[in-house]
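The values are calculated or read from the model by the stated rules, or taken from the named source; none is laboratory data. On a predicted model such as this, the values are computed, not experimentally measured, just so you know. Quick reminder, even Gly has a Cβ in these numbers, built from the backbone with ideal geometry, and neighbours come from all protein chains shown.
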């Protein structure tokens, strides 16, 4: 979805809430949570089409449940739906792309980023013989959409490295799997891919490509996927929120210590995934320390804000304090 559509959709939601003169209880005051008779808390977590990046969150929820809290998990098709639910107070916590959360926060939605979801795993891969930005001049380059974060990273890199008039020929194709197959089929010469897509290509014998740029190294302070929460929930149910963040930090630490922990989590929560591919993806995630919920700092939150300002997704003026509440991570350390 284009960044402008994000802005209009979230802005309309916040305007509706404001026009209704919603109270704290009706608009984000508690994220739909309530205290049970035994003192535990019931709340809802929204997840977006669960994949390997989601299973540490599901594992953290299991830990919170074992502590006595009652957590409902709702699966949604896109992060914008989760943002709407967080803003209206239907959900307490969600996680996925950072940009929709920043858009909503700028529009005064009651949302704060509270932890990192997964590090920047995007990289540009191309046909053999393509090793630099200049090699991509005029070449067919697959993107998901004009407003996608990988597209924004690509265009910033192209603008900095290629020079005027030396950009690729951008083609909107669709999801990572479609673009990966288009790369193998020779329909495009390069595209941004995530680790799981690369492993799937390699395991299918389609690994005839090279890495052109690793955005984790090119943009080390960009946090493209984060965990965010309704601010009413964070204020009114701080103990439950802390239990979740602490559990997520613990799950990420276990994965980095032994990628087999991630393999086991995937087998439990996503049993249909290919075991061999999951093992290799888990090894690469652990090697790169991509799961590190505590990686958020004021510095990289500001760098992330600055990136999305440059990409035209949000306006200037937002600060780390506006966007994030890092106190839960500090308490979990």
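Could you please let me know if residue 44 is under 17 Å from residue 240 (Cβ atoms), more than 16 Å from the chain's Cα centre (by Cα) and crowded, with 19+ Cβ neighbours inside 10 Å? Taking the combined requirement at face value, the residue satisfies it. Return the residue satisfying two criteria in turn: it lies in segment 294-304 and is in contact with a helix residue (DSSP H, G or I) (Cβ under 6 Å, 6 or more places away or on another chain) and more than 20 Å from residue 57 (Cβ to Cβ), and of such residues it is surrounded by the fewest Cβ atoms within 10 Å (Cβ to Cβ). The residue in question is 298. Going residue by residue through segment 226-233, is there one that turns out to be assigned by TED's automatic domain parsing to the domain that holds residue 112, surrounded by fewer than 17 Cβ atoms within 10 Å (Cβ to Cβ) and part of a helix (DSSP H, G or I)? Checked against the condition, which is being assigned by TED's automatic domain parsing to the domain that holds residue 112, surrounded by fewer than 17 Cβ atoms within 10 Å (Cβ to Cβ) and part of a helix (DSSP H, G or I), segment 226-233 yields no hits at all.
Within segment 128-154, being at negative phi and surrounded by fewer than 18 Cβ atoms within 10 Å (Cβ to Cβ) holds for 128, 131, 132, 134, 135, 137, 139, 145, 146. Within the set 241, 282, the sole residue that is buried (at least 21 other Cβ atoms within 10 Å of the Cβ), closer than 16 Å to residue 116 by Cβ and at pLDDT 95 or above turns out to be 241. If you go through segment 83-98 and pick out every residue that is at pLDDT 95 or above and under 24 Å from residue 300 (Cβ atoms), you end up with 6.
Here segment 48-88 is the region considered, the condition is being part of a strand (DSSP E or B) and touching a helix residue (DSSP H, G or I) at 6+ places or on another chain (Cβ under 6 Å), and the residue that is surrounded by the fewest Cβ atoms within 10 Å (Cβ to Cβ) is 76. Which is in contact with a strand residue (DSSP E or B) (Cβ under 9 Å, 6 or more places away or on another chain) and at pLDDT 95 or above, of 35, 63? Residue meeting the stated conditions: 35.
If you scan segment 245-262, which residues turn out to be closer than 21 Å to residue 66 by Cα and free of Cβ contacts under 8 Å to residues at least 60 places away in the same chain? Give the derivation first.
Of segment 245-262, the ones closer than 21 Å to residue 66 by Cα are 245-255, 261-262.
Answer for segment 245-262, where residues must be closer than 21 Å to residue 66 by Cα and free of Cβ contacts under 8 Å to residues at least 60 places away in the same chain: 253, 254, 261.
Residue 289 falls short on exactly one of the conditions (1) more than 22 Å from residue 103 (Cα to Cα); (2) more than 17 Å from the chain's Cα centre (by Cα), and that condition is (2).
What about residue 102, is it assigned to a helix (DSSP H, G or I), in the same structural domain as residue 53 (by TED's automatic domain parsing) and surrounded by 22 or more Cβ atoms within 10 Å (Cβ to Cβ)? It would help to see each step written out before you state the result.
Numbers: assigned to a helix (DSSP H, G or I): yes; in the same structural domain as residue 53 (by TED's automatic domain parsing): yes; surrounded by 22 or more Cβ atoms within 10 Å (Cβ to Cβ): yes.
Considered against the rule, which asks whether it is assigned to a helix (DSSP H, G or I), in the same structural domain as residue 53 (by TED's automatic domain parsing) and surrounded by 22 or more Cβ atoms within 10 Å (Cβ to Cβ), residue 102 comes out as yes.
Among the candidates 289, 272, the residue that is out of contact with any strand residue (DSSP E or B) (no Cβ under 7 Å at 6 or more places or on another chain), loosely packed, with under 15 Cβ neighbours inside 10 Å and touching a residue at least 40 places away in the same chain (Cβ under 8 Å) is uniquely 289. The number of residues in segment 207-219 that are touching a residue at least 40 places away in the same chain (Cβ under 8 Å) and part of a loop (DSSP other than H, G, I, E, B) comes to 2.
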